[in-house]
Amino acid sequence: MVNRNINESQLNDYLMTIEMNKAIIDIKNPVLTIKDLSISYEKGKYAVKDVSAGIKKNSITAIMGPSGCGKSTLLRAINRMHELYPSIQTFGKIYLDNEDISAIPSIKLRQKIGMVFQRPNPFPTMSIYDNVIAGYKLNGTRIKKSRKDEIVEKSLSDVVLWDEVKDSLHKRGTFLSGGQQQRLCVARTLAFQPEIILMDEPTSALDPIATAKIEDLLVELKKKYTIILVTHNMTQAARISDLSMFMYLGELIEYGITKSLFTNPVNKKTEEYLTGKFG
Amino acid sequence: MGKIRYNKIQTDGFSFRLVKNKVFYCFVIFMSMIAISPVVFIIIKLVIKGIRQINLNFFIDNAPNTLEAMTAIANGEIIPGGIANGITGSIFMVLLASVMAIPLGVLTGIYLSENQDKVYANIIRNISEILQGVPSIVLGILSYLWIVINITRGFSAFAGSVSLSIMMLPLIIKSTEETLKMIPSTIKEAALSLGVPYHKVIFKVLLPTGLGGLLTGILLAISRVLGETAPLMLTALGSSVINFDVTKPTSAVPLLIWEFYNDPNLLDLVWSSSLFLMGFVLILNIIVKKMANKWVYG
């Protein structure tokens, strides 16, 4: 069983300052830095307003807030998903290891920053095996069969799905249950060994048992990866995240160590949200 | 007291409603039977009148001439010969038309589904819808002007297949666009989030996912143009022998039906050819239905 207690003294090493009265903490040596990020869907209307934050390596950072607060919008800016929709405008910068992400080709960037979606979305025409190596297959990257097998087994073992599907690797991915499909989608992302995994409410379409499995998995995965998790579920953020952001109406209201943010929020809005006054 | 009256009214209204319901149900059944009766009568008539002409020779022999038919009828035999030149011509021209129309139509459909709100896409979509309403004889005349007069300098299979492919285009465009629109955007985003380039996402993820729908649209377009006569009269003209030369006049099953109709001695072949054409299109449609149930995403 995964130890879900957050070791605060360990975290302290990474943080520049932990001031109890500071709403947004500074992260030492962030793997990802968001700087003055604003995103608008239509002219003059901002879904995300002037957000600046650092993301700590090998941690789970939860982004929470009421519906429409811009948490998914913020997340999707990190792998430049907004570029698909020409009407969305993005201002400000995001740096991955001090490199401006707009300077990295989107194809490379998205291999470094993987994404898991709200609903499980395995490719319906592909087998479980092909789904896991879809990134390689679709890109036309030629790798040996043995290496492929290795990647598939490793990725599926990492998401604790290997034992369940090892005998039906060549069945369609869509035959799996919802929770298994979501773990398959995580495996598909892991196959690339990304640095950061973005998760957009990955458990909101799943039942409690499948949710618990995914949560255990995330805690396990943060040893190797940095996870940014958008969640609608406060208790989930409290259970598994190390750091938490609270967003409201597009603004980053508070960002801090999960434990202190939940027990002793600085901002009044955060407190109201956590105590269920709105949201 | 008020309560009792209320209950009474409720019950009375209810039984009357039940009767209304029954009457309307029977009415709907009756009307739908009227609606499908032409198809049933056509099939029965075609089978009764056409089946005796259908044998092996019907598929491997060319259309007979009047004299042969007259002799056979005088001797009380069935008309010799078949419609092999029509069958091969139909298949040849439809295949040629498909080769032209499928890539164009599928690519246009992809463009429309990927750029739904662009002004240019809207123009294309509207034009494609107008094209669907253009009478087939007009397309035949256009193909006559472009191909028969200027390119092949004579009636030809090529001219025929061009007019057929123009008829197929709007159907394929529409079905491709609708199929791709039905695929959830998260499938596309999933592929993109794996760092797959946009064109590969379309050709390796979206098209295979929507393959069933795409094939359905293509087969429907094919079965639609298989029975077209008007555009072929002005372009392919017809031929009494099997022809696979794109620059030569070529026959087709619907053209043969028209020819048989105009020759009193060959009238019997109208029924058997029609039966063949109808059966062929029917089988295509059944295949399409089966495929749509099995493959279409969603």
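Taking the condition of being open to solvent by 30 Å² or more (accessible area, probe 1.4 Å) and under 29 Å from residue B:143 (Cβ atoms), how many residues in segment B:199-221 meet it?
Within segment B:199-221, residues that are open to solvent by 30 Å² or more (accessible area, probe 1.4 Å) and under 29 Å from residue B:143 (Cβ atoms) number 3.
Residue check, residue B:264 against (1) at the interface with chain A (Cβ under 10 Å from one of its Cβ atoms); (2) open to solvent by 10 Å² or more (accessible area, probe 1.4 Å), all met but one. Which one?
All conditions pass for residue B:264, except number (1).
Please tell me if residue A:3 is open to solvent by 70 Å² or more (accessible area, probe 1.4 Å), out of contact with any Phe, Trp or Tyr (no Cβ under 6 Å at 6 or more places or on another chain) and either modelled with pLDDT under 85 or part of a strand (DSSP E or B) (or both).
Values: open to solvent by 70 Å² or more (accessible area, probe 1.4 Å): yes; out of contact with any Phe, Trp or Tyr (no Cβ under 6 Å at 6 or more places or on another chain): yes; either modelled with pLDDT under 85 or part of a strand (DSSP E or B) (or both): yes.
Judged against the criteria, residue A:3 is a match.
Restricting to segment A:145-174, count the residues that are assigned to a loop (DSSP other than H, G, I, E, B) and in contact with a helix residue (DSSP H, G or I) (Cβ under 9 Å, 6 or more places away or on another chain).
8
Does segment B:168-189 hold any residues that are in a helix (DSSP H, G or I), touching a residue at least 12 places away in the same chain (Cβ under 8 Å) and within 14 Å of chain A (Cβ to nearest Cβ), and which are they?
Answer for segment B:168-189, where residues must be in a helix (DSSP H, G or I), touching a residue at least 12 places away in the same chain (Cβ under 8 Å) and within 14 Å of chain A (Cβ to nearest Cβ): B:179, B:180, B:182, B:187, B:188.
Pull out all pairs, ordered by first then second residue, where Cβ-Cβ is under 6 Å, the residues are six or more apart or on different chains, the first lies in segment A:123-144 and is facing chain B (nearest Cβ under 7 Å) and free of Cβ contacts under 8 Å to residues at least 40 places away in the same chain, and the second is surrounded by 19 or more Cβ atoms within 10 Å (Cβ to Cβ) and in a loop (DSSP other than H, G, I, E, B).
If the second residue must be surrounded by 19 or more Cβ atoms within 10 Å (Cβ to Cβ) and in a loop (DSSP other than H, G, I, E, B), the pairs left are A:138/B:196; A:139/B:196.
Return yes when residue A:213 is open to solvent by 10 Å² or more (accessible area, probe 1.4 Å) and touching a strand residue (DSSP E or B) at 6+ places or on another chain (Cβ under 6 Å) and no when it is not. Steps first, please.
Numbers: open to solvent by 10 Å² or more (accessible area, probe 1.4 Å): yes; touching a strand residue (DSSP E or B) at 6+ places or on another chain (Cβ under 6 Å): no.
Against the criterion (open to solvent by 10 Å² or more (accessible area, probe 1.4 Å) and touching a strand residue (DSSP E or B) at 6+ places or on another chain (Cβ under 6 Å)), residue A:213 does not qualify.
For segment B:125-135, state whether one or more residues are in contact with an Asp or Glu (Cβ under 9 Å, 6 or more places away or on another chain) and within 14 Å of another protein chain (Cβ to nearest Cβ).
no
Taking only pairs six or more apart or across chains, which ones have beta-carbon atoms under 8 Å, a first residue in segment A:91-103 that is farther than 14 Å from residue A:196 by Cα, and a second residue that is open to solvent by less than 80 Å² (accessible area, probe 1.4 Å) and among the basic types (Lys, Arg)?
Pairs found: A:102/A:80.
Looking at B:136, B:175, B:185, can you tell me which residue is among the small types (Gly, Ala, Ser), open to solvent by 20 Å² or more (accessible area, probe 1.4 Å) and under 30 Å from residue A:79 (Cβ atoms)? Steps first, please.
On the way: B:136 fails: under 30 Å from residue A:79 (Cβ atoms); B:175 fails: under 30 Å from residue A:79 (Cβ atoms).
Testing whether each residue is among the small types (Gly, Ala, Ser), open to solvent by 20 Å² or more (accessible area, probe 1.4 Å) and under 30 Å from residue A:79 (Cβ atoms) leaves just B:185.
So the check is Cβ under 6 Å with 6+ separation or different chains; which pairs have a first residue in segment B:101-128 that's on the phi < 0 side of the Ramachandran plot and a second one that's open to solvent by 70 Å² or more (accessible area, probe 1.4 Å) and not small (Gly, Ala, Ser)?
Correct list of pairs: B:113/B:181.
I'm told residue A:193 meets every condition in (1) within 14 Å of another protein chain (Cβ to nearest Cβ); (2) open to solvent by less than 40 Å² (accessible area, probe 1.4 Å); (3) not in a helix (DSSP H, G or I) except one. Can you identify the failing condition by its number?
Of the numbered conditions (1) within 14 Å of another protein chain (Cβ to nearest Cβ); (2) open to solvent by less than 40 Å² (accessible area, probe 1.4 Å); (3) not in a helix (DSSP H, G or I), the odd one out for residue A:193 is (2).
Taking segment B:29-54 on its own, how many of its residues are surrounded by fewer than 11 Cβ atoms within 10 Å (Cβ to Cβ) and either touching a strand residue (DSSP E or B) at 6+ places or on another chain (Cβ under 7 Å) or not aromatic (Phe, Trp, Tyr) (or both)?
Selection size over segment B:29-54: 11.
Quick check: is even one residue across segment B:112-133 touching a Leu at 6+ places or on another chain (Cβ under 8 Å), at pLDDT 95 or above and surrounded by 23 or more Cβ atoms within 10 Å (Cβ to Cβ)?
Among the residues of segment B:112-133, not one is touching a Leu at 6+ places or on another chain (Cβ under 8 Å), at pLDDT 95 or above and surrounded by 23 or more Cβ atoms within 10 Å (Cβ to Cβ), which makes the answer no.
Does residue B:256 count as under 23 Å from the mean Cα position of the chain (by Cα), closer than 19 Å to residue B:159 by Cβ and more than 14 Å from chain A (Cβ to nearest Cβ)?
Details: under 23 Å from the mean Cα position of the chain (by Cα): yes; closer than 19 Å to residue B:159 by Cβ: yes; more than 14 Å from chain A (Cβ to nearest Cβ): yes.
Spelling it out, residue B:256 is indeed under 23 Å from the mean Cα position of the chain (by Cα), closer than 19 Å to residue B:159 by Cβ and more than 14 Å from chain A (Cβ to nearest Cβ).
Which one of the conditions (1) modelled with pLDDT of 90 or more; (2) open to solvent by 40 Å² or more (accessible area, probe 1.4 Å); (3) polar (S, T, N, Q) does residue B:243 fail to meet, given that it meets all the rest?
That leaves (2) as the condition not met.
Listed here are the residues, each with its yes/no results for (1) part of a helix (DSSP H, G or I); (2) among the β-branched types (Val, Ile, Thr); (3) touching a strand residue (DSSP E or B) at 6+ places or on another chain (Cβ under 8 Å); (4) assigned by TED's automatic domain parsing to the domain that holds residue B:138.
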{"position": "B:212", "(1), (2), (3), (4)": "yes, no, no, yes"}
{"position": "B:216", "(1), (2), (3), (4)": "yes, yes, no, yes"}
{"position": "B:221", "(1), (2), (3), (4)": "yes, no, no, yes"}
{"position": "B:225", "(1), (2), (3), (4)": "yes, yes, no, yes"}
{"position": "B:228", "(1), (2), (3), (4)": "no, no, no, yes"}
{"position": "B:232", "(1), (2), (3), (4)": "yes, no, no, yes"}
{"position": "B:242", "(1), (2), (3), (4)": "no, yes, no, yes"}
{"position": "B:245", "(1), (2), (3), (4)": "no, no, no, yes"}
{"position": "B:248", "(1), (2), (3), (4)": "no, no, no, yes"}
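Quick check, is residue A:102 within 11 Å of another protein chain (Cβ to nearest Cβ) and among the hydroxyl-bearing types (Ser, Thr, Tyr)?
The answer is no for residue A:102.
What number of residues within segment A:107-118 satisfy the criterion of being open to solvent by 30 Å² or more (accessible area, probe 1.4 Å) and either closer than 10 Å to residue A:81 by Cβ or at the interface with another protein chain (Cβ under 7 Å from one of its Cβ atoms) (or both)?
At the first step, the residues of segment A:107-118 found to be open to solvent by 30 Å² or more (accessible area, probe 1.4 Å) are A:107-108, A:111-112, A:118.
Now narrow it down to the ones that are either closer than 10 Å to residue A:81 by Cβ or at the interface with another protein chain (Cβ under 7 Å from one of its Cβ atoms) (or both): A:107-108, A:111.
Qualifying residue count for the region: 3.
Just to verify a result, which residue in segment A:223-240, among those that are open to solvent by 10 Å² or more (accessible area, probe 1.4 Å) and touching a residue at least 12 places away in the same chain (Cβ under 8 Å), is nearest to residue A:201 (Cα to Cα)?
Looking at residues that are open to solvent by 10 Å² or more (accessible area, probe 1.4 Å) and touching a residue at least 12 places away in the same chain (Cβ under 8 Å), I get A:232.
Looking at segment A:61-90 only, could you name the residues that are within 13 Å of chain B (Cβ to nearest Cβ), over 15 Å from the mean Cα position of the chain (by Cα) and touching a residue at least 40 places away in the same chain (Cβ under 8 Å)?
Answer for segment A:61-90, where residues must be within 13 Å of chain B (Cβ to nearest Cβ), over 15 Å from the mean Cα position of the chain (by Cα) and touching a residue at least 40 places away in the same chain (Cβ under 8 Å): A:82, A:87.
Residues checked against (1) at pLDDT below 95; (2) in a helix (DSSP H, G or I); (3) surrounded by fewer than 21 Cβ atoms within 10 Å (Cβ to Cβ); (4) in contact with a Gly (Cβ under 8 Å, 6 or more places away or on another chain):
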{"residue": "B:59", "(1), (2), (3), (4)": "yes, yes, yes, yes"}
{"residue": "B:78", "(1), (2), (3), (4)": "yes, no, yes, no"}
{"residue": "B:85", "(1), (2), (3), (4)": "yes, yes, no, no"}
{"residue": "B:107", "(1), (2), (3), (4)": "no, yes, yes, no"}
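Determine which single condition residue A:97 fails, assuming it passes every other condition in (1) over 22 Å from residue A:219 (Cα atoms); (2) within 14 Å of chain B (Cβ to nearest Cβ).
(2)
The values are calculated or read from the model by the stated rules, or taken from the named source; none is laboratory data. Everything numeric in this text was worked out from a predicted model, so none of it was measured. Reconstructed Cβ throughout: ideal geometry from the backbone, glycine too, with neighbour counts over all protein chains shown. With ligands, DNA and RNA removed, areas are computed over all heavy atoms of the protein, side chains included. Shrake-Rupley method; radii C 1.70, N 1.55, O 1.52, S 1.80 Å.
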